[in-house]
Amino acid sequence: MTVEGTLMKRRTFCASAIPALAIASAPWQRLFAATGGAGEVPAIGTAGQQLVLQPSQLAELRGALRGQLLLPGQDGYDAARRVWNGAFDRKPALIVRCLGAADVVQAVEFARNNALLVAVRGGGHSLSGQSVCEGGMMIDLSPMKAIRVDPLARTARLEPGVLLGQFDREAQAFGLATTAGTVSHTGAAGLTLGGGFGRIGRKFALACDNLLGADVVTAGGRFLKAGARDNPDLLWGLRGGGGNFGVVTSFEYRLHAVDPMMHGGPLVLPFAGARALLRSFADFIAGASDDLYVDAAIVPTPDGQRVIAFDVCHSGPAPAAERDLAQLRKLGQPLQDGLRPRTYVDIQRAGDDNYPAGRSYYIKSGFMRAITPRMIDAVVDYLESTPLPTGIVGFSHMGGAISRVKPGATAFWHREAQHSLMMIGFWDEAGSAERAMQWVRGGWKGFEPLTDGFYVNEMSYDEADRRIRGNYGGNYPRLAALKKQYDPTNLFRLNANIKPGA
Ligand SMILES: Cc1cc2nc3c(=O)[nH]c(=O)nc-3n(C[C@H](O)[C@H](O)[C@H](O)COP(=O)(O)OP(=O)(O)OC[C@H]3O[C@@H](n4cnc5c(N)ncnc54)[C@H](O)[C@@H]3O)c2cc1C
């Protein structure tokens with residue numbers, strides 16, 4: 001059964017196209033002066049065309065919303081356009097701060113009727129900055145923050161502005177949880193739509209594997225349910241296909257019984273001897289139980305050193321945890337040993353401060369079936385040969401239950417991956433951007449051939465279209481057909497984009 005909502009109050013809201021000659025050489029920001037109309041708002045369309053939104057259209061849209069319509073210069077506009085990655089200082093023509101599905105329908109209809117460029121923002125943590133756009137419409141879902149846990153059914157319903165830490169906290173109050181990422185200020189929405197791995201993912205698979213259903217506003221402004229009975233093909237696409245198929249206004253997850261007390265924390269060792277240490281770690285982690293999750297990262301310290309930092313979470317019984325942690329401790333003499341019994345919620349938020357909002361980041365990532373000696377040599381050689389930049393090389397842990405799901409069972413293709421290798425460059429001063437990005441690119445040239453595909457949620461902002469397409473693997477034809485069905489004009493294109501196909 002297809003559930004078509006009654007939220008479809010169609011409006012026209014059409015922007016006038018500006019005569020091409022009049023704007024041929026004018027940047028869109030100067031259009032207001034060029035066109036001169038009081039209250040007119042210059043904007044950018046899906047194909048990069050320049051548009052002018054009329055005051056009457058904007059007033060009509062504002063009147064149709066329960067949430068806010070924010071235009072440049074208005075109170076709250078600058079705060080709303082900011083996203084986690086400070087590398088993006090983009091100014092949308094308008095921001096619709098949605099309070100519910102009805103607002104989302106209005107926003108999508110307005111964008112479609114005006115062929116406006118659209119960015120969709122959940123938690124705002126897009127590494128590639130695609131949840132904010134220059135000159136288009138930002139559909140801001142961050143005010144939608146409701147969470148409802150059903151402890152008897154072991155399910156949770158989330159609105160799309162919920163952050164992972166809020167979700168963990170609410171579910172853990174009932175001794176429940178589902179897979180979420182490792183930094184608690186990340187949004188559940190984008191994380192789930194792209195896949196979503198984290199500290200209990202080896203036990204319970206990806207966040208998207210635990211997605212039971214969703215409410216979606218499609219590019220046509222239709223409100224649809226996606227689930228096992230309603231539009232199961234759409235649910236399949238939402239599980240790893242990113243924001244390609246519409247705006248999700250509600251997510252329903254399966255929860256699992258998860259003991260709030262676990263073992264884990266940081267274990268930090270010196271970089272000296274990294275080659276041997278990482279080889280021993282690779283051997284150890286290849287045989288790890290599903291209860292054990294360890295991220296390994298080579299990070300710079302404030303005093304200009306490099307260290308190897310393990311981020312550990314053991315969700316199994318205490319004796320097994322103590323045994324596994326003892327093995328890890330044998331890797332070397334630690335500079336810091338923070339391994340101890342902790343609550344899951346504490347472990348989930350312990351690393352939050354390492355990734356502050358507003359700093360600028362550039363990332364490259366790729367999947368690996370194992371941490372091989374060749375990869376370890378490539379990483380250590382590169383780090384030893386480059387000056388210490390503000391950058392991290394890390395191996396995120398996957399595998400376990402994630403790999404036991406078939407590649408075609410959801411849109412998330414790369415099930416064989418046991419780790420995701422990440423290189424992150426970061427900077428606080430604009431003048432340091434080039435250096436940090438060159439450091440990442442320089443290393444990545446050597447590392448990429450040793451990887452196989454990459455995580456769409458860790459896509460860099462200069463990822464080639466060909467690589468994005470290839471990354472969906474054998475699922476691409478089905479995804480392209482779904483895209484044609486639900487978004488034939490590619491309204492939702494600011495993502496790891498799937499082109500509407502046959
Ligand atoms: C510090 C940090 C730590 C991270 N750690 C992990 C981790 O441990 N595991 C992991 O799997 N990933 C991790 N990620 C990657 C993370 O999954 C992505 O950045 C993800 O996109 C964040 O979701 P968001 O809602 O916060 O992002 P947003 O920037 O709001 O959205 C990202 C994209 O998702 C789409 N989108 C968002 N909401 C909706 C919606 N409701 N409907 C339709 N489309 C939507 C849009 O295309 C948007 O461009 C991390 C990222 C950061 C910055």
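The values are calculated or read from the model by the stated rules, or taken from the named source; none is laboratory data. All values reported here derive from a predicted model rather than from experimental measurement. In this analysis, Cβ positions are derived from the backbone assuming ideal geometry, glycine residues included, and neighbour counts consider all displayed protein chains.
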Residue in segment 355-365 that is over 17 Å from Asp290 (Cα atoms) and without any contact (Cβ under 8 Å) to a residue 24 or more places away in the chain present: yes
Close pairs from segment 472-489: first farther than 15 Å from Phe412 by Cα, partner in a helix (DSSP H, G or I), Cβ under 6 Å, at least 6 apart: Lys483/Asn244
Every pair of residues 6+ apart whose Cβ atoms lie under 8 Å, when the first sits in segment 137-158 and is loosely packed, with under 13 Cβ neighbours inside 10 Å while the second is assigned to a loop (DSSP other than H, G, I, E, B) and not polar (S, T, N, Q): Ala146/Glu159; Ala146/Val162
The listed residue being within 30 Å of Arg306 (Cα to Cα), of a type in the set (A, V, I, L, M), at pLDDT 95 or above and out of contact with any helix residue (DSSP H, G or I) (no Cβ under 6 Å at 6 or more places or on another chain), out of Leu212, Leu224, Leu269: Leu269
Qualifying residue in segment 94-105 (condition: part of a helix (DSSP H, G or I), modelled with pLDDT of 95 or more, out of contact with any Lys or Arg (no Cβ under 7 Å at 6 or more places or on another chain) and under 28 Å from Ser184 (Cβ atoms)): yes
Output for segment 176-208, where each listed residue is in a helix (DSSP H, G or I), crowded, with 24+ Cβ neighbours inside 10 Å and more than 9 Å from the ligand (Cβ to nearest atom): Arg202, Cys208
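Just checking, how many residues over segment 224-263 are under 16 Å from Asn495 (Cβ atoms) and of a type in the set (A, V, I, L, M)?
4
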Selection within segment 234-254 - within 13 Å of the ligand (Cβ to nearest atom) and of a type in the set (A, V, I, L, M): Leu234, Leu238, Val247, Val248
Matching option when the condition is buried (at least 21 other Cβ atoms within 10 Å of the Cβ), touching a helix residue (DSSP H, G or I) at 6+ places or on another chain (Cβ under 8 Å), hydroxyl-bearing (Ser, Thr, Tyr) and under 27 Å from Ala111 (Cα atoms), among Tyr486, Tyr455, Tyr472: Tyr486
Filter result for Arg415 (surrounded by 16 or more Cβ atoms within 10 Å (Cβ to Cβ), among the basic types (Lys, Arg) and under 26 Å from Thr192 (Cβ atoms)): yes
Residue within segment 166-175 that is in a loop (DSSP other than H, G, I, E, B) and in contact with a Gly (Cβ under 7 Å, 6 or more places away or on another chain) present: no
Considering residues of segment 344-367 that are among the aromatic types (Phe, Trp, Tyr) and touching a His at 6+ places or on another chain (Cβ under 9 Å) only, the residue farthest from Asn471 (Cα to Cα): Tyr355
Selection from segment 241-286 of residues that are hydroxyl-bearing (Ser, Thr, Tyr), farther than 22 Å from His419 by Cα and surrounded by fewer than 23 Cβ atoms within 10 Å (Cβ to Cβ): Ser250
Qualifying residue in segment 126-134 (condition: over 18 Å from Val258 (Cα atoms), at pLDDT 95 or above and away from the ligand (no atom under 12 Å from the Cβ)): yes
Helices (runs of 4 or more DSSP H) wholly inside segment 389-501 that include at least 1 residues being under 24 Å from Thr301 (Cβ atoms) and not aliphatic (A, V, I, L, M): 433-447
Complete set of residues in segment 40-84 that are part of a helix (DSSP H, G or I) and touching a helix residue (DSSP H, G or I) at 6+ places or on another chain (Cβ under 7 Å): Leu61, Ala64
Residues (part of a loop (DSSP other than H, G, I, E, B), hydrophobic (A, V, I, L, M, F, W, C) and crowded, with 17+ Cβ neighbours inside 10 Å) located in segment 287-340: Ala288, Leu331, Leu339
Residue match in segment 111-118 (condition: more than 16 Å from the ligand (Cβ to nearest atom), surrounded by 18 or more Cβ atoms within 10 Å (Cβ to Cβ), assigned to a strand (DSSP E or B) and touching a residue at least 12 places away in the same chain (Cβ under 8 Å)): no
Which listed residue, of Met144, Met138, is part of a loop (DSSP other than H, G, I, E, B), modelled with pLDDT of 95 or more, more than 15 Å from the chain's Cα centre (by Cα) and within 13 Å of the ligand (Cβ to nearest atom): Met144
Filter result (modelled with pLDDT of 95 or more and more than 16 Å from Gln327 (Cα to Cα)) within segment 273-289: Ala274, Arg275
Test for Gly213: is it more than 8 Å from the ligand (Cβ to nearest atom) and farther than 25 Å from Arg342 by Cβ: yes
Residue list for segment 127-136, filter: surrounded by 21 or more Cβ atoms within 10 Å (Cβ to Cβ) and on the phi < 0 side of the Ramachandran plot: Leu127, Ser128, Gln130, Ser131, Val132, Cys133, Gly136
Filter pass, Gln54 being modelled with pLDDT under 95 and among the polar types (S, T, N, Q): no
Residue ID - farthest from the chain's Cα centre (by Cα), chosen from residues in segment 348-365 that are surrounded by 15 or more Cβ atoms within 10 Å (Cβ to Cβ) and small (Gly, Ala, Ser): Ala350
First in segment 79-108 and touching a residue at least 12 places away in the same chain (Cβ under 8 Å) and within 11 Å of the ligand (Cβ to nearest atom), second anywhere and in a helix (DSSP H, G or I) and of a type outside the set (Phe, Trp, Tyr), Cβ under 6 Å, 6 or more apart: Cys98/Val104
